[in-house]
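Undergrad: Before anything else, here's the structure in question.
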Amino acid sequence: MAHLATLSQLHVSLAAPAGSDTTLRRSAFKVQNISFGGKSWAPALALDLKSRNAGLTKRLSVCMSVQQASRSKVAVSPIELEDAKEPPLNTYKPKEPYTATIVSVERIVGPNAPGETCHIVIDHGGNVPYWEGQSYGVIPPGENPKKPGNPSQCTSIFNRIYQNGVCSNFLCNSKSGDKVQITGPSGKIMLLPENDPNATHIMIATGTGVAPYRGYLRRMFMEAVPKYKFGGLAWLFLGVANNDSLLYDDEFAKYLQDYPDHFRYDKALSREQKNKSGGKMYVQDKIEEYSDEIFKLLDDGAHIYFCGLKGMMPGIQDTLKKVADQRGEKWDEKLSQLKKNKQWHVEVY
């Protein structure tokens, strides 16, 4: 089972759609109808709640990504939190949130990306516990637009949503030193199971849905965890529009270089690659390309995760059903068994 994390910072990737209006700050965009979480709201914010790194100061001015991945594994601290049996839930409530501090806001996509995505680092002083795959919330300042006179609604971050752009605009326009009210954590669907350190984890994402997997991979490959030595296979499928839209690509490429026997990384670039039929390459096309291997891994007990835009799932489900039919299997029965075995993990928005 996973464990508690108390890194002093939360790492957030926030996405805005193409055509966003920028101000003098490159991270300040006008966000329209992108959704995050199980509902359809306005902008997307993916939070990588990863890190238990010992020896780090509570305030860092640079993002811990490729630079850290290229070093020796970092120790985790405090060790006693590794022994937790149950995930923390609702440590901070809407009426009693935790006040954290914005450290930095940085654009992390190239000039030809169809949308904007920023990496936001939030300092919580090491006081915010969570497990990989959980969500935290943000309470934006001001009144709830749906309930005048009441505080703004608490909305979740990590594969979650923001109502009407209130939260995302607040975070995008934030600057170093600004305060943010945090609630949570919540969620058990996307927790990284650690009862078998040699398990296979097939991770499928679109866009900022890569957030929880970045947390998993940092635990597997970046941190020196005394009680969790990953010896299995982590296989990441990431679907985005083009190369300029790739998120944390250098970091994942470094893992691929350092751990070739334990990490695989496949990208579906819909505006730059073609599938076998000559159409756009979506993540479900990559799944079909490796379907025989994926099905065999699932039969052997692999966990499979889906995170990203809700619209990804119909195409993926159709592809998996088609593959099952070709193999002489009934997909509905297979899916039911995967869910029963707790191998099937979905968080879409």
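The values are calculated or read from the model by the stated rules, or taken from the named source; none is laboratory data. Computed from a predicted structure; not experimentally measured. Cβ placement follows ideal geometry from the backbone for every residue including glycine, while neighbour counts extend to all protein chains displayed. For the accessible areas, the whole protein counts, side chains as well, though only heavy atoms, and no ligand, DNA or RNA atoms are used. Shrake-Rupley method; radii C 1.70, N 1.55, O 1.52, S 1.80 Å.
Undergrad: Where in the range 315-349 does the label zone of Asp292 land, with the point 7 angstrom along Cα→C-beta and an amide N cut-off under 19 Å?
TA: Within reach of a label on Asp292: 319-330.
Undergrad: Net charge around Met203, counting only other residues with Cβ within less than 11 Å of its Cβ (Lys, Arg = +1; Asp, Glu = -1)? The partial results should precede the final answer.
TA: Working: positive: Arg214, Arg264; negative: Asp266.
Spelling it out: positives minus negatives among the neighbours equals +1.
Undergrad: I'd like the antiparallel share, as a percent to the nearest 5, of DSSP beta bridges with both residues in the range 200-348. Working shown, then result.
TA: On the way: 1 of 25 bridges.
Bridges in the range 200-348 are about 5 percent antiparallel.
Undergrad: At what distance in nm do the modelled label points of Glu106 and Asp83 sit from each other, each positioned 7 Å from its Cα along Cα→Cβ?
TA: 3.7
Undergrad: Next question, about the same structure. Leaving out ligands and nucleic acids, note down the accessible area per residue over the range 199-314 with a 1.4 angstrom probe, in whole Å². Please list the in-between numbers first.
TA: Numbers: 4290 Å² over 116 residues.
Result: 37 Å² of accessible area for each residue.
Undergrad: Can you spot the lysines whose alpha carbon is less than 23 Å from Lys334's alpha carbon? Ignore those fewer than 8 places along the same chain.
TA: Within reach: Lys188, Lys286, Lys296, Lys310, Lys321, Lys322, Lys342.
Undergrad: Same structure, new question: Order Thr91, Thr101 by their accessible area, 1.4 angstrom probe, all chains in place, largest first.
TA: Greatest to least solvent exposure: Thr91, Thr101.
Undergrad: Set the Förster distance to 30 Å, then compute FRET efficiency between Ser72 and Lys340 from the Cβ-Cβ distance, nearest 0.05.
TA: Taking R0 as 30 Å, the efficiency between Ser72 and Lys340 is 0.15.
Undergrad: In addition: Give a residue-ordered list of calculated ³J(HN,Hα) values for the range 258-267 (Karplus: 6.51 cos²θ - 1.76 cosθ + 1.60, θ = phi - 60°; whole Hz; x for Gly, Pro).
TA: Listing the rounded values in order: 7, 10, x, 7, 10, 9, 10, 9, 10, 10 Hz.
Undergrad: I need the phi-derived Karplus couplings for the range 323-336: 6.51 cos²θ - 1.76 cosθ + 1.60, θ = phi - 60°, integer Hz, Gly and Pro marked x.
TA: The phi angles translate into 5, 4, 4, 5, 8, x, 10, 9, 4, 4, 5, 5, 4, 4 Hz.
Undergrad: Please give the residues of the range 87-116, grouped as numeric ranges, whose backbone N is less than 20 Å from a label point set 7 Å along the Cα-to-Cβ vector of Lys147.
TA: 90-98
Undergrad: Count charges around Leu236 for me, please; just the other residues with Cβ under 12 Å from its Cβ, Lys/Arg as +1, Asp/Glu as -1. Numbers along the way, then the final one.
TA: On the way: positive: Arg214, Arg264, Lys267, Lys286; negative: Asp249, Glu251, Asp266.
Net charge in that neighbourhood comes out at +1.
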